[in-house]
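The values are calculated or read from the model by the stated rules, or taken from the named source; none is laboratory data. Only a predicted model underlies this, so the values are computations on that prediction, with no experimental measurement involved. Cβ: placed from backbone, ideal geometry, glycine included. Neighbour counts: every protein chain shown. Accessible surface areas use protein heavy atoms only, side chains included; no ligands, DNA or RNA. Shrake-Rupley method; radii C 1.70, N 1.55, O 1.52, S 1.80 Å.
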Amino acid sequence: MGSLLEAKLVSGRQAAREARRLVADLHPSIGETTIEDVALLVSELVTNSYRHGGLGPNDTISLVVSQEGPTVRVEVTDAGRGTSIPAPRTPSADGGWGLEIVKRKSARWGVEKGKGSTTVWFELDTTDQDR
Amino acid sequence: MHGDFSIDVVEEDGVVRLHCAGELDIAAAPLVEEALRAIVDRAPPALVLDWTGLTFMDSTGIRLLLETLTLCRNADVDLTWDLSDVARRTLDLVGIHDALLRDFGSGSNADE
């Protein structure tokens, strides 16, 4: 996978917006349609890290974007004390929709628990017209 | 204006319109929640969520919309909503917009 972006975001309410800005700057390396999808899914994962990752105000969220052929891979990692993802449940008025969007929109996704960190990743397959 | 998000409340003939423009995400959510609660506390006959100016909406918007539906139902406020294409797309991604219309019979762009 060729690396397109490696960034550290300061945890907070603004982190998702900052992540979307960084993703937007990947155009034209990534096509416009795919960028919109990546930005939405990144926004969901960074928001989950902030809300569920148990991060402090000085903690960071790592964002890595890479590409190989038609596949764009994104990894969002935090070193928080939480779970980074909400407990499995049916989405409701209280939330749970973010991960549902990631599940439905990505080609593949998953969670990797490291020593003291959690990475949630997804892959999108770009369309012919967006390559 | 708060970053890339703005909110505006307009009242006319008892109908309150909550205009939101820009990017609706977790950074903007507290502003919307605060405005919604202030509106619903006054229990106007009708509330229109005018989200046609949204250029981005993630699942925060879904949560806020569901929260608004509950608040309005409890306060007997007639709720309708009007969404930008990107906001509508986020709702459609999880297949929720049709379910909302079925369950709550609202939404001004129901027939699009």
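Using only protein heavy atoms and a 1.4 angstrom probe, determine the accessible area buried between A and B, summed over both sides, in Å² to the nearest 100.
Buried area (both sides, nearest 100 Å²): 1900 Å².
Tell me, what ³J(HN,Hα) does each residue in the range A:108-113 have, in order and in whole Hz, if you take phi through Karplus 6.51 cos²θ - 1.76 cosθ + 1.60 with θ = phi - 60° and put x for Gly and Pro?
Along the range A:108-113, the couplings run 8, 7, x, 10, 10, 8 Hz.
When ranked by the protection proxy of mean other Cβ atoms within 10 Å per residue, highest first, what sequence do the peptides B:49-55, A:110-116 form?
Averaged packing, sorted descending, gives the order B:49-55, A:110-116.
Residues of the range B:29-60 losing 40 Å² or more of accessible surface, assembly versus chain alone, probe 1.4 Å, please list them.
The answer is B:F56, B:D58, B:S59.
Please compute, for peptide B:19-27, the average count of beta-carbon atoms on other protein chains lying within 10 Å of each residue's beta-carbon.
That average works out to 4.
Could you give the dipole magnitude of chain A about its Cα centre, charging the beta-carbon of Lys and Arg +1 and that of Asp and Glu -1, in debye to the nearest 20?
520
Give the peptides A:47-58, A:23-34 in descending order of average Cβ contacts within 10 Å, highest first.
Per-residue mean Cβ counts within 10 Å order the peptides as A:47-58, A:23-34.
How large, in percent, is the carbon and sulfur part of the accessible surface of the protein assembly as shown at a probe radius of 1.4 Å?
Solvent-exposed carbon and sulfur of the protein assembly as shown make up 47 percent of the total.
What FRET efficiency, computed as 1/(1 + (r/R0)^6) with R0 = 25 Å and r the Cβ-Cβ distance, is obtained for A:D25 and A:E68, rounded to the nearest 0.05?
Efficiency, from the Cβ-Cβ distance: 0.80.
Quick one: Karplus J couplings for the range A:63-71, per residue in order, coefficients 6.51, -1.76, 1.60, θ = phi - 60°, nearest Hz, x for Gly and Pro?
Calculated HN-Hα couplings, in order: 10, 10, 10, 9, 9, 9, x, x, 9 Hz.
Given H placed on each backbone N at 1.01 Å, which residues far from A:D59 in sequence or on other chains put an amide H within less than 5 Å of it?
A:S11
List the aspartates and glutamates whose Cα sits under 19 Å from the Cα of A:K115, skipping any in the same chain fewer than 8 residues away.
Reachable aspartates and glutamates: A:D59, A:E75, A:D78.
Using alpha-carbon positions, what is the distance between the centroids of the range A:1-68 and the range B:36-84, in Å?
28
Treating the angle as unsigned and between 0 and 90°, give the value, to the nearest 10°, between the Cα long axis of helix A:15-24 and the longest Cα principal axis of chain A.
Helix A:15-24 sits roughly 10 degrees off the main axis of chain A.
Amide H of A:L5 versus every other amide H placed in the peptide plane: which residues, excluding those fewer than 5 positions away on the same chain, fall under 5 Å?
HN-HN under 5 Å from A:L5: A:V65.
How much accessible area per residue does chain B have, in Å², with a 1.4 Å probe?
Per-residue accessible area for chain B comes out at 45 Å².
For chain B, give me the percentage of DSSP beta bridges that are antiparallel, rounded to the nearest 5 percent.
40
Search the structure for amide H atoms under 5 Å from the amide H of A:A107, placed 1.01 Å from N in the peptide plane, and list their residues when 5 or more places away or on another chain.
Those lying under 5 Å, H to H, from A:A107 are A:E123, A:L124, A:D125.
Which FRET efficiency, nearest 0.05, do A:N58 and B:E34 yield, Cβ-Cβ r, R0 22 Å?
With a Förster radius of 22 Å, E is 0.20.
Along the charge dipole of the protein assembly as shown, which of B:L24, A:P70, B:V10 sits closest to the positive end, that is, farthest toward it, with unit charges on the beta carbon of Lys, Arg, Asp and Glu (+1, +1, -1, -1)?
Of the options given, the answer is A:P70.
Please report the antiparallel percentage of the DSSP beta bridges confined to the protein assembly as shown, to the nearest 5.
If we restrict to bridges inside the protein assembly as shown, about 75 percent are antiparallel.
So, R0 is 41 Å and r is the distance between the beta-carbons of B:S6 and B:A99; what FRET efficiency does that work out to, to 0.05?
0.90
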